[in-house]
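Read through the structure below, which is laid out as structure tokens, and then see the notes.
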Amino acid sequence: MNFDQLLERRYSCRSYTETPLSEAEIKELIAAANCAPVGSARYMDLHLTVVQDKELLMKLTEALFIRVEQKKKEMEAIVETVESQKAAPMPRDPYYGAPVMIFISHKKQDLQPGIEWCNVMNVAMFIHLKATEMGLGSCFAWGVLESERMFPEYSHNELLNLPEGFEPLIGILVGHPKEEGKRRNLPVDRLGINYLP
Ligand SMILES: Cc1cc2nc3c(=O)[nH]c(=O)nc-3n(C[C@H](O)[C@H](O)[C@H](O)COP(=O)(O)O)c2cc1C
């Protein structure tokens, strides 16, 4: 699969079969994650947690459901300009039935403000693209952790058993898609742009 074919196949998968990922598949995804570029090559500041325990995952959604109740309007406002997302109801399972969620955590730091977000996203993106190449579905999972940041009193992140000083910033769901994703036409003008001479 060349890069353009990968782009045509990539999408956020929101419906998975119950088939678990094999150990070999998980290993391949983790190997791709390890190839991601990280600022100043500080790979020691990143940590992955592979979770397959659905009960544990559901415990981590408490803050999300509190947020849905308390901040419904604000959450709707985030997607109100996006036609395809407008009618999407809040799913009862924000993991969409995916058999695996990989949390990407970063050591807290203020030496390079903000670099932790870029680093975790690079790692997540490499997993996303590798999953696409492997014919798997995947989707970034931001809402669960963002809600915990908003309502820390409902956070259960201690369940992730992270090394001291690390916090989970983003997750990525991976699994076997219920339906095969269609090849997409590649957009070329969705982003604002200006050219300087
Ligand atoms: C930083 C980031 C966070 C995201 N968080 C979520 C999420 O929590 N739940 C979800 O269903 N999709 C999430 N997405 C997926 C986006 O909604 C999706 O990429 C966008 O709608 C474009 O659709 P596509 O990926 O299928 O092209 C996230 C994407 C990014 C880049």
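Ordered by the number of other Cβ atoms lying within 10 Å of each residue's own Cβ, fewest first, ARG10, ARG67 fall into the sequence ARG10, ARG67. Residue order for THR19, THR132, fewest other beta carbons within 10 angstrom first, comes to THR19, THR132. Mean projected area of the convex hull spanned by the Cα atoms of the chain, taken over all viewing directions: 13.5 nm².
Along the chain, the exposed loop sites are GluC sites (Glu not before Pro) outside DSSP states H, G, I, E and B with at most 15 other Cβ atoms within 10 Å, and the longest stretch free of them is 81-163.
Calculated [222 nm] ellipticity per residue, helices only, for the chain: -10500 deg cm²/dmol; basis is -39500 (n - 2.57) per DSSP H run with n ≥ 4, divided by all residues, nearest 500. Phi angles of segment 44-58 translate, via the Karplus equation with coefficients 6.51, -1.76, 1.60 and θ = phi - 60°, into HN-Hα couplings of 5, 8, 10, 8, 10, 10, 8, 10, 10, 7, 5, 4, 4, 4, 5 Hz per residue; Gly and Pro are given as x. Out of segment 119-190, which trypsin sites (Lys or Arg not before Pro) are coil in DSSP terms and have no more than 15 other C-beta atoms within 10 Å? Those that pass, being in a loop and sparsely packed, are LYS178, LYS182, ARG183, ARG184, ARG190. Summary value for segment 14-175: 38 percent relative contact order, contacts being C-alpha pairs under 8 angstrom separated by 6+ residues. Note on the chain: antiparallel DSSP beta bridges, both residues inside, total approximately 95 percent of the bridges counted.
Using θ = phi - 60° in the Karplus curve 6.51 cos²θ - 1.76 cosθ + 1.60, the 3J(HN,Hα) couplings for segment 135-150 round to x, 8, x, 7, 7, 5, 10, 9, x, 4, 6, 4, 5, 5, 5, 6 Hz; x is entered for Gly and Pro. Rounded, prolate or oblate, given the Cα gyration tensor of segment 142-197, with a/c below 1.5 counting as rounded? Oblate shape, in that a/c is at least 1.5 and b/c is the bigger or equal ratio. Here TYR16, TYR154 are placed in order of increasing Cβ neighbour count within 10 Å, fewest first, which gives TYR154, TYR16. Under 24 Å of direct C-alpha separation, and excluding same-chain neighbours fewer than eight residues apart, LYS54 reaches these lysines: LYS27, LYS130, LYS178.
Read the figures in this text as sums done on the coordinates, not as results from a lab. Values in this document were obtained by computation on a predicted structure and should not be read as measured data. Ideal geometry is used to build each Cβ from the backbone, glycine not excepted, and the neighbour counts take in all protein chains shown.
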